[in-house]
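Below you'll find the structure, written out as structure tokens, and then a few comments.
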Amino acid sequence: EPEVTQTPSHQVTQMGQEVILRCVPISNHLYFYWYRQILGQKVEFLVSFYNNEISEKSEIFDDQFSVERPDGSNFTLKIRSTKLEDSAMYFCATGGNAWADTQYFGPGTRLTVL
Amino acid sequence: AQTVTQSQPEMSVQEAETVTLSCTYDTSENNYYLFWYKQPPSRQMILVIRQEAYKQQNATENRFSVNFQKAAKSFSLKISDSQLGDTAMYFCAFMKGTNAGKSTFGDGTTLTVKP
């Protein structure tokens, strides 16, 4: 069964450093999402992406965050200057042919900012 | 804005018994979707079940079924014949039909299945 993959599984970085989290969607999916989950808290929406542009973003997704799909396969989330409070699990999710399609989540990247 | 409330932070059930997890939501929308996701200790998010608001029939997936009460804005998950592998955090989620796929999650319910 096709699945969403994410790399790395765990990233440790120093405060102020840039990180790029990568996601490989299910091959025929057109809709892409990033969510985050701070340890012990609920899952929070960050951004949705379709047709090479952001469709919606939350208030969490400020100027420090960006997304792109540079090569038509990987879908990346970049955090330019990490803060301690960015420490969380970051989930990529992808959906098929419409916004209403079920979102399939990747295994997550655990980001630790020191 | 939509809100999703899971009023049971923790629940436990004996193996082979049935348990129901509750979820309520608040919306003025008529076109939306509801989901239950399972998050085991590995923290992977696994879709358990999906319900379209326009469907009156409650969704079922093997041992998992929902009780969708649209007027009451309630979406509970029933797990029958509970298994040890069902031990996980369960999240209820709401997605508007026209909102670029943004899903709003509840706080989660930690379910422990006891042998």
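The values are calculated or read from the model by the stated rules, or taken from the named source; none is laboratory data. Keep in mind that this is a model prediction, so the values were computed, not measured. Glycine also receives a Cβ, built like all others from the backbone with ideal geometry; neighbour counts cover every protein chain displayed.
Among the candidates B:Asp107, B:Asp26, the residue that is closer than 30 Å to A:Glu59 by Cβ, of a type in the set (Asp, Glu) and at the interface with another protein chain (Cβ under 9 Å from one of its Cβ atoms) is uniquely B:Asp107. Selection over segment B:29-47 of residues that are within 11 Å of chain A (Cβ to nearest Cβ) and either crowded, with 20+ Cβ neighbours inside 10 Å or over 22 Å from A:Glu3 (Cβ atoms) (or both) gives a count of 8. All conditions but one from (1) in contact with a strand residue (DSSP E or B) (Cβ under 8 Å, 6 or more places away or on another chain); (2) more than 26 Å from B:Asn31 (Cβ to Cβ); (3) assigned to a loop (DSSP other than H, G, I, E, B); (4) not aliphatic (A, V, I, L, M) apply to A:Gly72; the one that does not is (1). Residues that are β-branched (Val, Ile, Thr) and either facing chain B (nearest Cβ under 9 Å) or closer than 15 Å to B:Gln44 by Cα (or both) do not occur anywhere in segment A:72-88. Selection of segment B:73-104 for residues being within 14 Å of chain A (Cβ to nearest Cβ) and among the hydrophobic types (A, V, I, L, M, F, W, C) yields B:Ala88, B:Met89, B:Phe91, B:Cys92, B:Ala93, B:Phe94, B:Met95, B:Ala100. Taking segment A:36-68 as the range and being crowded, with 16+ Cβ neighbours inside 10 Å, under 18 Å from A:Pro8 (Cα atoms) and either modelled with pLDDT under 95 or not β-branched (Val, Ile, Thr) (or both) as the test, the residues that pass are A:Arg36, A:Gln37, A:Phe65.
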